[in-house]
Each structure stands twice: as C-alpha cells, then as structure tokens.
1. Please list, ordered by chain and number, the residues whose modelled amide H lies under 5 Å from the amide H of D:Ile118; skip anything fewer than 5 residues away on the same chain.
2. What is the Cα centroid distance between region A:248-300 and region A:321-339, reported in whole angstrom?
3. Computed on alpha carbon atoms, what radius of gyration and Dmax characterise chain D, expressed in Å?
4. For region A:51-70, which residues drop by 40 square angstrom or more in accessible area between the chain on its own and all protein chains together (1.4 Å probe)?
5. Is chain B best put as rounded, prolate or oblate by its Cα gyration tensor, with a ≥ b ≥ c the root eigenvalues, rounded for a/c under 1.5, and otherwise prolate when a/b is larger than b/c, oblate when not?
6. Kirkwood hydrodynamic radius for region D:105-145: how many Å is it when counted over pairs of different Cα atoms?
7. For region D:59-112, what mean projected area does the convex hull of the alpha carbons give, in nm²?
8. Across every pair of different alpha-carbon atoms, what Kirkwood hydrodynamic radius in Å does region D:1-120 reach?
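The values are calculated or read from the model by the stated rules, or taken from the named source; none is laboratory data. If you're wondering where the values come from, they're calculated on a predicted model, not measured in any experiment. Here the Cβ positions follow ideal geometry from the backbone for every residue, glycine too, while neighbour counts run over all protein chains shown. When the accessible area is computed, the model is the full protein with side chains, heavy atoms only, and any ligands, DNA or RNA have been set aside. Shrake-Rupley method; radii C 1.70, N 1.55, O 1.52, S 1.80 Å.
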Amino acid sequence: MLEFMEGSHAVAEIVKRCRPQVIAAYPITPQTHIVEDLAQMVANCEIDAEYITVESEFSALSACLGASAAGSRVYSATTSQGLALMFEVCFNAAGMRQPIVMTIANRSLGAPLSIWNDQQDSISLRDSGWLQLYAEDNQETADLHMIAYKVCEDHDILLPAFVCFDGFILTHTYEPVALPSQEEADAYLPAFNPYQRLDAAKPLSMGMYATPEYYMEFRYEIDQAMHRAKQALVKAGREFGEQFGRDYSGLVEGYRLDDADVALVAMGSICGTVKDAIDEMREAGRKVGLLKIRTYRPFPASEIADALKNVSTVAVLDKNISLGNGGAVGTEVKSALYGSGISVYDYIIALGGRDVRKRDIAAVVDLAEKGKGDMFYGLRTEVL
Amino acid sequence: MRELRIHGRGGQGSVTAAELIAFAAFEGGVYAQAFPAFGVERRGAPVQAFVRFSDARIRLRSQVYEPDYIIVQDPTLIRDVDVFMGMKSGGIAIVNTEKPDFDARVPEGVKVYTIDATTIALEELGVPITNTTLMGAFAAATGEIKLESLEHALRNRFSGSMADKNVRAAQRAYNQVGGAL
Amino acid sequence: MALRVGCAAAPGRALDNKTGAWRVFKPGFEPEKCTKCGMCALVCPEGCVRETEEGTFEPDLDYCKGCGICAEVCPKKGITMEKEEK
Amino acid sequence: MAEVEGGCELFSAGHRACGGCGPALAARLLLKATGKNTILVASTGCMEVFSTPYPETAWGVPWIHSLFENAAAVASGIEASLKRQGRSEKVVCVCGDGATFDIGVLCISGAFERGHDITYICYDNEAYMNTGIQRSGATPYGASTTTSPAGSCSLGNTLRKKDMPAILAAHGSPYVATASIAYPNDFVQKVERAINTPGPCYIQVHAPCCTGWGFEAGETLAMGKLAIETGLWVNYEMVDGVVEKAKKVKRKPVEEYLSKQKRFRHLFKPRRDDEIAKIQAIADANAERFGIDIKAKESSE
C-alpha cells in the first residue's frame, strides 16, 4: 500500500523494519531527518536498538564497526564532509569484512562549502570496498536498504554497503512509497547471523596486520567477494521482486533502449528527469534511451557493454568530477566499452545542486550527436 | 501533470503547505510530489516550495519553472520576487493580500484570486500563519484537492483544537474563494 | 591454509614464534637460593618463567629473550645472566 | 594467574616485543587482572604490532584492532552491542600514549562523555615507539626524541606532559588511576577496580621502553621505580574526580633517574644544571600537588 511520506522518513521506516541493534550517527545536512526520525523511534520504543549519539562521523562508523564485530546488525547514515571524515574507517570496515549498511544522502564536497546535491562524496569512496547502490526515487531507496542488508550479511560476501540517494532531491521530497509490514520484512531479511564475532567463549583476534606475505591475498579475497556480490545482488533483487512485486534483479536497467541510437547513462534521481526527457524526445522521433546504473560497486562493466551493444553514441551524466580526468562514471563506462567502436562522451552535470531540467537532457543529447563531449555541461560562462 | 509553486517567507510554513496539499491530493487518488527549494534561508527570507500532481507516477525531479498554479503567502513578496515567472495562460494564482487591486504585472490568461488570509488566520488561529488558510483557497480555486481530503490532511498533521482551528481557517477561505467563482 | 576473513585469527599461533633465538644472555636459575616468592614469573614480559613441581622457578628457553628483568628483581640474587654459548 | 585452557597465558609468549619490554609486561598484568571474560580493543601502536602479525596473535581473549585513533569509539559500539545482547564481557581499551594523548582524544572524549561502561588503559611509554621514538603529548619535558631532538640549539622536548588523567576526570569518569609496571600488584588491583566500576574508567600505566628511552633491558622495572621515587611519576587514584591514595615516597633527586637514560643524556654532556633544576621543579610540584613526600617523622614511625 502506498503511503505519502518524506524520503528521509521512508528510509527511517525501512531501517526500523531491518531491525538494526545498534545505530550510531552524527547529524549532517541533508541526512538529519533520517537520524532524527530514528532517534524518535528509539525514544518511542518503536525500534529495539541502542542509539549512540557520537561526537563525529568518524566515531559513528567506528562505533558501528565495533558493534558489528561484537555481533550486532548496525546502521548509520551520513553525507559529504561526514563521509570524508569516515574515509579511514570506511576502508577499515570493508577490510575487516563488517556487513554495515549506511545511507548516503548524496551531497557535494567542499571547498567551496555546499550543502547541495551531487555524488562526489560516495564516488570518492569508490575504492574503499563498500558496495555502492544508487536509487532513482524514494521507493527504490527504501527497497535497496533491505537488499543491501541481505547481500552484505551473506557469508559469501561480508562487505559493507552504501545506499545512496540524492540529498534534498530525494531526502526532502514527499512522495508515495510502499513499505513492507514488519512480518513481510522479516520474511525477506532474516535475523542477523554474524559470520564471526568478538566472544569470550570463543576468543578471536580481529583486524590483525598483514605482512607482505599476506596483504595482497587479503585484498584479492575482498575483491573476489566484491565480484561475487554481483550475483548476490541479482539474486537478492530477484527475490525482492518475487515477494514485493518490484524487481531489482538488474545491476543496470534500460529505459527505451532497445532501438536507441543514443543512450544516456546516469545514476540516481536524475534518471527520472532523463526518462521524462526521453519520452518527449521520442515523441519528436528521436531514438534515445537511458541506461540507469543502480550498482556502481561492484561495477557492472559486462552488463553495461551488453546493454549498450546496439547504440552508436553514449552520453554519460556524471554528478562528480575526478579533477584532472573527467567524471568517474564516464571513465569507467569508456573502459567497459573499450574496443566496441561506440562513441562515448562524458558530461559533468549538476554539481553542487545545479538544477537539471528536461531541456538540459535534450541539450546533452544534441551535443553527443554532434560529437561534442567530455566537458562540463551548463557552465555559467558569464561568471568565469 | 500539473505543477504548483508556493512563494513564502521562511517561517510561514510554505514547505508544510506543499506537503499537505500533496498529501491531500494523494489521498484524493492522484500521484503527488512535494519538495522545497533547498536552501539555507532563515526566517523571513523569500522561499519556495513545489507540488506536482499527476495521474501517473511522477519521475521528474527538476524545480518548477512553468507552474500551472502559484500561491503567494505574503503580499510583500510581489515586490521582491517575480512570483508569476513562467506561468502559463490558464494558470491560477492565489495571492494573500488585503488589496484585491495589488500592483503587479500578471501574465495574460492567468486568473488571480486574492484573499485576506492573514486576517482569517489571525481570527481563527490567533497567529498570522497563513499556509493552511491558503490551502483552502487553493482547493476552491483549482479543484486539485477536495475539501474533505484537505481536512483529512490537516487532522493528520495537527491534533485537538489546533486541528479544528486550522480546518475552520481553510474552510473559510474555501468558502470565500468558492463563492467568488 | 585458507585466509581467515577479516585478517582474524584464533589464539595460539604466537607460540609458533620461538623468540628464544633472540637471546644473547641466558638466565641461570639457582633453585637452592629460591624463596618461591614468584617475582621472576610475575614480571617476565614474555610470561615464560614457569613454576616447577618443587615450587621453584625456571625459564622456558624456547621463548626467553634474555632481558634479565628476572635477575634484577630476584631478592636473593638467585638468577644470573651469562653470555650464551651458541 | 589467569590462564587459557591448555596452560598458556592469556597473553602468550612468542610475541615480538623487544626483550625487557615494559608494555608487554603491562599487557600480561592487565589480562591477569581482567581474566577471560573480557574483550580488548587495541589502537595501532607498538603493542598492536608486536602482538598480532597475522596469524600469530598473542592474545587469548577476544581482541580487535581497527585504527590508530578510534579504539574508544569502537569500544563504544562493542559496549552498546553487548548491552543489547545482554552479554557480560568487560570492554577494555589498551592503547599507547600517542593514541591516547594525541590522535585519539576526540573519540575518547566522546566515549567518556557518553558514559559507556568501558575501561580505557593507556600504556604510557612517553613517545611514539612504534614508528621510531617520536614525541607525543606524553613525552616529558627535556626528553630527546626523534622529532624533539636535542641539538646545538635545543635541549629536547620543550613541552610539558599533558595531564590526561585530569582531563578524563573532568569528563565525570568515576575512576581514574595512574599505575606503574614497577608495582605490578598495584596495577593489577587498579585494573580490577576499574573494570568493576560502572562507567568509563581510565588507567594510565607507566611502561618504560628500554629501546626508546635508552637503558639496559634488565632495568625496565628499576626505571619505573626510579620515576616514582623521584616524583616524576606519581601513582594515585581519583574517585569521582577527587585524588585519593597517592603513593608516598622518600624522594630521590631527579638526576638519579635522568642520568640513567639516553633520552636525557644531553643534560649531562655538558652538564646543564639549569635544565635539571627545571625538571626537579616538575617533580617538586608533583610532590606538592599529590602530597607524596614522606616526612622524616613519618618515616621513623
């Protein structure tokens, strides 16, 4: 049943249904409504969890790591500067194979200071060993949390995950969302069963250091787990579809792509605007489609190559910039399509909350068709 | 799809108005989306909030540039902000003002309803917070939301006598604008 | 041996590392001087001074690094450090 | 002595500490006090490195290392998790002075303010020994370290040791204590008291480092004892912020302590009476503050 609610509230509600036992978070715009709602749920005894009001994001994730290691399902949420402050713990949590799920309310990184949306924050942690899932709307955001817990806690995977949704654009938007009942959620997501835990009855040293004889092999195993996560995501997404009627078995998702000449590639909430723009372009007779990337890590390179094999031109919309080398998604899509003969252009767009309209999407397609790309789109040249 | 842009000042409840209008529309059986113009504005600064109404799931995430409807919560905004910007012919504007003959360039084909929402709010709520009053006017002027849905939205948001007061304020505005139709 | 997830390990394996080879000086324990106070066992950073059946003490030379703290603290000067013949 | 099944100690031999290591002894004594029902949280540091090269752990109790500066935060999470699960293990952090005085202060402050039921033990060897004897906030005045070296125009560390116990007592910690491995039974008793005191407790244990300070391996305990006997280190307990039970001594001149360590060698070649007097003044101030001097009359009793 659809209910009308704010995106952040939908996240808090789904997190409640995932039954975390320890929540540690530090408030930061635009993540605040999520943690406020969760704190209220704890205060109302609606959720049976310890809520640790840590003094920083760094400690938020550190506390989650400890609680996870001790055998609890944990949750946190952050964004932007907060995620940057967690950088060190992010690598550590993944390396220690703790199945932490954290919501990222995507926001730009300073300087200049900006509270507005882009995806620079999570993209900058792409090499940290966390699964990265990007949601188009608040329904998908909620659903991906359950899928993330299921995949992360799989003893064959044991990695943490970011569930990313665009700050303000989704966090602060009210729209209809269907949430499972607690019983339905329990049926999909079983109780946490830690692979190993700190336990006096069975002592274990966790987080030891590895000499050069071992380090590469540990990193290899993490990489292997990340690759296995692809199939685990497909399976968990399919099972979700079977139970709830919303299928997430694709790591990528095509929209009007079958006969498209030009494919846009994007992640997150911009995909909705792109779809509306594509409908208008289609009405005008233009063969344009969208490939939405839902799973950025593990990166679905072969799935992307397969989905785009029949297009002639690809325009990637990047809400991030790897300064000195273009957008991160564009770079990786180019790599995935290497040798295919497809023209791939990258567009840095919507940084720091710059609004994107349907006509902007059409303009990007125009540029791609003219062979113009690998550029910032929509710069206000008058202030440069 | 129809789009509404609400102009107000920080603290006047424009975001709440957007949320409640969208909620009422959703209760009435259509898809709706409500969101603020995300900013760091403090109390008193001009702010905007947006609502979309559609029979299909709403995917568009851009701000509202060509609204079918606008609500102007504070007459002083008309001086500071081009509240009518992008409005289409056939659009409807609800303006809170004591002066029906206010001074502004209204685009051709836009129907303007003025209402002294501040007085109604002061009389019914005891505070000059006009968002719920203007929602009643919006319901009457546009037909986008039913009065029952609006009342339900208000009772869902407020409780006890506060709910009653807000419902009365919305009803008065609804009747006043409805009577003028 | 398969790697344990998360660079974790069960206790016990430190004992694989026989640190006795590090030693330059070797403690000589003279049980006849021992008052069984146990200070040598208490303060050994390796924890490798063991109580014998007689209640006196002896070092586990597989691990003793020859630091000489036991000799320093022995109230009866019943432990002497001597250069080890190798 | 607390032992794991099979007869090995909870902190087992085979670890890679230098011979005569003060912190290694602190680890052994600590586990003697806590017993098996304990979860240890370690910071990055000398002890972590000498005790846990994969897969050769020296720890017989559950032990976790995450990062240099986050042990108190990790412990917060563990404590919350245990609370939620209704489990009884004690959560004990064991961290060096760099992790405690410097890089970890944020996490420690947060954990102590929140009042988690944890015990935080700082093994204080007065510099960053793991990385090669660099100055920390715990390095005493006048000590030469690799980042506060004595030189032609420097007499080593110019800064005073940070008063970490007072900082944590000010957080409302119910039990704060200092200890020394030179007094092993006292340290063990303080750990026992801390883990059995609800709330966040702090123990700072002086753990001389023969390599970093420059003395013979066999003199580790003797050096700890001299620190106490000169008044440069004071063993005391603070209960709810009030100092109790400071160990009294018949004080010796600080020179006896300084002259035996390479880190203070520059004070004697050539002899710098002015600097030695400054350090003596620090000891005198400690004696005054904690009332540790045994007066002639008292000693005759």
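1. Here D:Gly199, D:Cys201 satisfy the definition.
2. Comparing the Cα centres of region A:248-300 and region A:321-339, I get a distance of 18 Å.
3. 18.8, 62
4. For region A:51-70, once contacts with the other chains are taken into account, A:Ile52, A:Glu55, A:Phe58, A:Ser62, A:Ala70 lose 40 Å² or more.
5. Working: a/c = 1.27, a/b = 1.06, b/c = 1.20.
Rounded, since a/c falls under 1.5.
6. One decimal place: 12.1 Å for the Kirkwood radius.
7. Working: hull surface 15.7 nm².
Mean shadow area of the hull around the Cα atoms is 3.9 nm².
8. 14.6
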